[in-house]
Amino acid sequence: MNRLLKKKILYAPLFASMLFIGNNAVYAQEGSINYKNKIIELEARISSLEQLKQELKELKENLNTKTDKIAVKEKKLDKAIKSISKITSVKEGSPDSKWAVTGYASAGFQAVSGGTTDSFGVGSYSPIFHYRFKDWIMFEAELEAVTEDDGSTAIDLEYSQINLMLNDNMTLVVGKFLSPIGAFQERLHPAWINKSVDRPAGLSHHGVAPGSDMGVMLRGGIPLDDFVIQYAFAVGNGPQFDTESELALEGFGADNDKNKSLAGRVSLFHKSSIEVGFSYMTAGLSGAEDTDSNLTRSSDYRLWGVDASYTEGPWDLRFELLHSRATPVVGLDMRERTWEAWYAQAAYRLAGITDDPIFSKFEPVVRYGEFRAEIGGALMDVSEKRWNGGVNYWMAPSIALKAHIERRDYFVNTQPDETRYQLEFAYGF
Amino acid sequence: MNTVKYIATIALLIFLAIGFAADAAEKTKNDPMQFARGAKGWALNCERCHNMRGPKEFSDNDWDTIVTHMRVRANIPGDVIRDIAVFLKAGNNEKVKK
């Protein structure tokens with residue numbers, strides 16, 4: 001009994017432990033299956049993640065590619081915009097037809113000795129209209145608007161001409177043009193170019209030489225080593241007698257005789273800024289004192305002139321002499337008339353000796369000239385000696401304030417001498 | 001009849017001359033020395049009558065018109081005027097902005 005009991009007691013734990021182990025084995029087998037499933041599941045997840053990663057990578061690559069493409073397109077777009085803007089600017093800058101309005105104006109104050117009332121005045125307002133087609137043709141016209149002493153406004157057509165550029169050295173001018181005689185009338189009379197306030201004696205509208213003419217002109221410049229030969233030859237309706245003592249020297253729209261005027265100027269311009277010019281004109285005159293209306297002319301008109309200038313740097317030195325004569329046609333009871341005017345002028349910009357921003361803009365000017373008008377050897381009362389002296393202050397290359405004194409000594413005693421104190425603001429635009 | 005022939009001959013010469021002028025204008029395009037020649041021509045020719053105007057005073061179009069006016073008024077040869085135009089247009093406001 002004891003042995004049996006002992007055996008039972010002895011085997012009972014063994015049996016129990018075997019039973020326990022057996023249960024655990026079952027459990028272990030079931031866990032292994034679960035792990036495998038989990039591993040499979042994890043592997044599937046990893047696979048899907050890798051696939052997802054691959055897809056993301058591809059998406060990223062696509063995105064980069066598209067970004068690059070967009071960048072390329074942006075560059076192309078920028079380039080296109082820039083090229084379009086360039087084309088636009090070129091088109092805006094070089095149309096075949098171009099035009100511009102330039103000109104000049106002046107205003108000032110003048111006090112005159114001898115009882116004449118001191119006055120403010122507007123010198124003139126002279127707009128110039130230019131219309132240009134390519135490098136071939138240009139039409140240009142200048143108007144001059146002046147306020148008269150009585151308050152009325154006078155408007156004159158100074159010139160209205162068509163310029164046809166035949167080649168680099170020749171231009172054909174048709175219409176009403178400034179006379180090519182001398183240098184002052186054609187090139188130096190605008191207020192912002194004229195160094196003094198008034199014109200030189202005898203070079204005004206009723207002076208020694210024509211102001212303008214209506215007709216045809218050939219002109220140009222021909223380079224020759226260090227020189228440029230400049231020429232202007234004109235055929236026009238010519239001047240007419242205005243009164244007994246004066247010629248009407250502005251361009252006429254019709255000829256009152258059968259003689260066209262021939263006028264011209266030839267000059268040599270050296271690269272050292274020295275220029276010498278020679279002028280000549282011949283025309284038939286009719287008008288005042290005509291005794292026979294059937295005559296084609298009552299006088300023969302001849303003019304000659306010489307001018308010279310030196311314009312290097314701050315210097316502006318000029319000389320001009322013009323002489324004209326109206327000789328009555330043989331058989332007419334008329335007196336011979338002569339006109340002669342000359343002037344010499346010196347101006348110097350202080351910029352030549354100082355860099356000071358104020359003083360360098362001053363320009364002292366001095367001019368002396370004479371004008372003699374004679375009929376039958378007797379001097380007319382307009383004959384005079386004229387002194388000009390003053391200072392110009394250049395606010396800009398074409399804007400000047402002028403302060404001048406002008407002395408007019410008349411040759412004929414009946415004409416009282418004058419001293420004029422002048423202030424002028426001149427603006428070239 | 002002789003007058004008609006005379007006028008026709010002059011007209012023909014004028015048109016030929018215009019052709020030469022256009023050809024000369026084409027030849028000077030893209031000439032790198034134009035600017036330098038233009039600066040020299042500007043300094044030499046403008047002062048013959050008036051102060052030198054600054055390039056910034058006018059636009060390209062204005063300069064083309066103004067130099068053509070000066071070509072006629074001052075008898076300046078066409079090739080010199082084209083050089084001066086290049087110089088002035090290179091130094092005006094429009095170009096500075098670019």
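Read-outs throughout are calculated quantities, based only on the coordinates presented, and are distinct from any laboratory measurement. Given the structure is predicted, the values throughout are model-derived calculations rather than measurements. No Cβ is skipped: glycine too gets one built from the backbone with ideal geometry, and neighbour counts run over all protein chains shown.
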Quiz prompt | segment A:112-153: GluC sites (Glu not before Pro) falling in loop per DSSP and having at most 15 other Cβ within 10 Å | solution = A:E148
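I want the local charge near A:A400. Using Cβ-Cβ distances under 10 Å, sum +1 for each Lys or Arg and -1 for each Asp or Glu among the other residues. If you can, show how the numbers build up before the last one.
Details: positive: A:K195, A:K361, A:K402; negative: A:E363, A:E424.
Residues near A:A400 contribute +1 overall.
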Practice problem: Express in nm, to one decimal, how much length is gained between A:I70 and A:L262 on full extension, taking 0.36 nm for each residue of separation and deducting their alpha carbon distance. | Solution: 61.7 nm
Practice problem: Convert each backbone phi in segment B:31-45 into a coupling constant with the Karplus relation 6.51 cos²θ - 1.76 cosθ + 1.60 (shift: θ = phi - 60°), then list the ³J(HN,Hα) values in order as whole Hz, x for Gly and Pro. | Solution: 8, x, 8, 4, 4, 5, 5, x, 4, 5, x, 4, 5, 7, 8
Quiz prompt | Degrees between helix A:2-93 axis and first principal axis of chain A (Cα, 0 to 90, nearest 10) | solution = 10
Quiz item: What is the distance, in nm, between label points placed 7 Å from the Cα along the Cα-to-Cβ direction at A:T419 and at B:F35?
Solution: 5.5
Quiz item: Could you put A:Y35, A:Y159 in order, starting from the residue whose Cβ has the fewest other Cβ atoms within 10 Å?
Solution: A:Y35, A:Y159
Self-check item: Efficiency of FRET from Cβ geometry, A:S113 and A:I274, R₀ 41 Å, rounded to 0.05
Solution: 0.60
Self-check item: Over 31 Å between alpha carbons, listed pairs A:K195/A:K271; A:K82/A:K361; A:K82/B:K89
Solution: A:K82/A:K361
Exercise. Mind giving me the FRET efficiency for A:I33 and A:A80? R0 is 41 Å, r the Cβ-Cβ distance, nearest 0.05 is fine.
Key: 0.05
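Please report Rg over Rh for chain A, where both radii come from the alpha carbon positions and Rh follows the Kirkwood definition.
Values: Rg = 48.8 Å, Rh = 28.6 Å.
Here the Rg-to-Rh quotient is 1.71.
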Quiz item: Can you work out ³J(HN,Hα) from phi for every residue in segment A:366-379, in order, using Karplus 6.51 cos²θ - 1.76 cosθ + 1.60 and θ = phi - 60°, giving whole Hz and x for Gly and Pro?
Solution: 9, 9, 10, x, 9, 9, 10, 10, 10, 10, x, x, 9, 5
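Too long at a 28 Å Cα-Cα cut-off: which of A:K98/B:K56; A:K402/B:K56; A:K79/A:K134?
On the way: A:K98/B:K56 18 Å; A:K402/B:K56 25 Å; A:K79/A:K134 31 Å.
Pairs exceeding the cut-off: A:K79/A:K134.
Considering every Cα-Cα pair within segment B:31-98, what fraction, in whole percent, is farther apart than 16 Å?
On the way: 909 of 2278 pairs.
Looking at segment B:31-98, the distances longer than 16 Å represent 40 percent of pairs.
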Quiz item: At what distance in nm do the modelled label points of A:Y393 and A:E41 sit from each other, each positioned 7 Å from its Cα along Cα→Cβ?
Solution: 10.1
Self-check item: Sites excluded, trypsin sites (Lys or Arg not before Pro) in DSSP loops with at most 12 other C-beta within 10 Å, longest stretch of chain A
Solution: A:1-257
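May I ask you to derive the FRET efficiency for A:D333 and A:S97 from their Cβ-Cβ distance with R0 = 56 Å, giving the value to the nearest 0.05?
Values: r = 57 Å, r/R0 = 1.01.
After rounding to 0.05, the efficiency reads 0.50.
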